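The values are calculated or read from the model by the stated rules, or taken from the named source; none is laboratory data. As the structure is a prediction and not an experimental result, all values here were calculated from the model. Don't worry about glycine lacking a Cβ; one is built from the backbone with ideal geometry, like all the others, and counts go over all protein chains shown. Accessible surface is based on the protein model in full, side chains and every heavy atom, while ligands, DNA and RNA are left aside. Shrake-Rupley method; radii C 1.70, N 1.55, O 1.52, S 1.80 Å.
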Amino acid sequence: MKLVFAGTPEVAVPALDALIASGRHEVAAVVTRPDAPAGRGRRLVASPVAERAEEAGIEVLKPAKPRDEQFLARLREIAPDCCPVVAYGALLPKVALDVPARGWVNLHFSLLPAWRGAAPVQHAVMAGDEITGATTFLIEEGLDSGPVYGTVTEEVRPTDTSGDLLTRLAFAGAGLLAATMDGIEDGSLKAVPQPAEGISLAPKITVEMAHIDWAAPGLRVDRVVRGCTPAPGAWTVFRGERLKLIQAAPVTDRTDLAPGEISAAKNNVYVGTGSHAVELLWVQPQGKKPMRGADWARGVRIAPGERVGAPDVR
């Protein structure tokens, strides 16, 4: 088939690579989000998918909106058979969905109908799911509601961050998307409607959702830290300033600390929760680089009874 691939971030690159390498289909063009400011200089930078496509000599389309007439005209001119999509980042209007004869096929990082929406991996980690996966489905106008072509499953490991899990799913999903294109082309795959039961939603994780509630159980605190890593980053407040939590670990045999209460030893720093304590392994104070939790605690000289998530008690 002649394909136009749509995707933007680094997580979409393995799928683009798999389609290029397959040799069975032609990736005629790539659609990606426009260049965006990045770094201290805020200079415009092309998306990871755009950079990979340019390296491969593939035409890159960067419409401000996928309903732009100039983009739609070029898409019709290319006349793709199918448009595979991975984390493109913009809603596709019906006028664009109608262009390819075999539709737009999305690779979504959950086992649909679970976790429909922008942040399926983060929500799976935060919810404590033991199994997740990736799904290929035919895009409709509804939110991730189209009929399914195929799935792969992936275990959620006890220490997985959303970044760890998403990296594994990106590569497992790349193979699934390539196989889905093959099955659509030879007629061996038919899309099956999603079940009406088991629907859950995964909206974008906001900064407020990443704010740690120390009255919650320790397992919940651990899941929020892992689910919000690397972005947007779990956080709390210490002495009136934001403290980012990069890595924490439940300590089930410590139940002597009140929620938010800090206990610092030479090589460890613990914080109480609604159940057992968690150890702060890596943190990032406001305006500073990431550091080990114990190094941070020594530097700030924790006072007896001092807490995170509480007003300044110095």
ask   = Measuring with a 1.4 Å probe in the full set of protein chains, what accessible area per residue, in whole Å², belongs to the stretch 119-174?
value = 41
ask   = Got a number for carbon plus sulfur as a percent of the stretch 137-194's accessible area, 1.4 Å probe?
value = 55
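Could you look at the stretch 215-297 and say what percent of its accessible area is carbon and sulfur, using a 1.4 Å probe and all protein chains?
Numbers: 1890 of 3790 Å².
After summing per-atom areas, the C and S share lands at 50 percent.
Work through the residues other than S47 whose Cβ is under 11 Å from its Cβ and net out their charges, Lys, Arg +1 and Asp, Glu -1. Please report the intermediate quantities before stating the final value.
On the way: positive: R33, R52, K62; negative: E10, D35, E51, E54.
Neighbourhood net charge equals -1.
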ask   = Along each of its three principal axes, how wide is the spread of alpha-carbon positions in the chain, in whole angstrom units, largest first?
value = 70, 46, 30
ask   = Which whole-number value in Å² is the accessible area per residue of the stretch 63-118, probe 1.4 Å?
value = 43
Solvent accessible area, Å² - S188, 1.4 Å probe, full protein context = 90
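To the nearest 0.05, what FRET efficiency results for A118 and D253 with a Förster distance of 35 Å applied to their C-beta separation? Mind dumping the intermediate values first?
Values: r = 38 Å, r/R0 = 1.08.
Once rounded, the FRET efficiency stands at 0.40.
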task = Mind pulling the angle between the C-alpha long axis of helix 13-22 and the longest principal axis of the chain? Nearest 10 degrees, somewhere in 0 to 90.
result = 30
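Excluding the sites themselves, what is the longest stretch of the chain that contains no GluC sites (Glu not before Pro) in a DSSP loop with at most 12 other C-beta atoms within 10 Å?
Numbers: sites that count: E130, E141, E197.
Of all site-free stretches, the longest is 1-129.
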task = With θ set to phi - 60°, apply the Karplus curve 6.51 cos²θ - 1.76 cosθ + 1.60 along the stretch 61-69 and write out the HN-Hα couplings as whole Hz, x wherever there is a Gly or Pro.
result = 10, 10, x, 4, 9, x, 9, 4, 5
remark   = Computed over the chain: longest principal axis from alpha-carbon atoms vs helix 162-186 long axis, angle to nearest 10 degrees, is 10
The chain: calculated mean residue ellipticity at 222 nm from DSSP helix runs of at least 4, using -39500 (n - 2.57) = -7500 deg cm²/dmol
inquiry  = Leaving out ligands and nucleic acids, and using a 1.4 Å probe, what accessible area per residue does the stretch 176-245 come to in Å²?
reply    = 49
request  = Determine the share of the stretch 55-132's accessible area contributed by carbon and sulfur atoms, expressed in whole percent, with a 1.4 angstrom probe.
outcome  = 49
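For the stretch 152-237, what is Rg from Cα atoms divided by 2.2 N^0.38 Å, rounded to two decimals? Could the numbers behind the result be given before it?
Values: Rg = 17.5 Å, N = 86, 2.2 N^0.38 = 12.0 Å.
Dividing the Cα radius of gyration by 2.2 N^0.38 Å gives 1.46.
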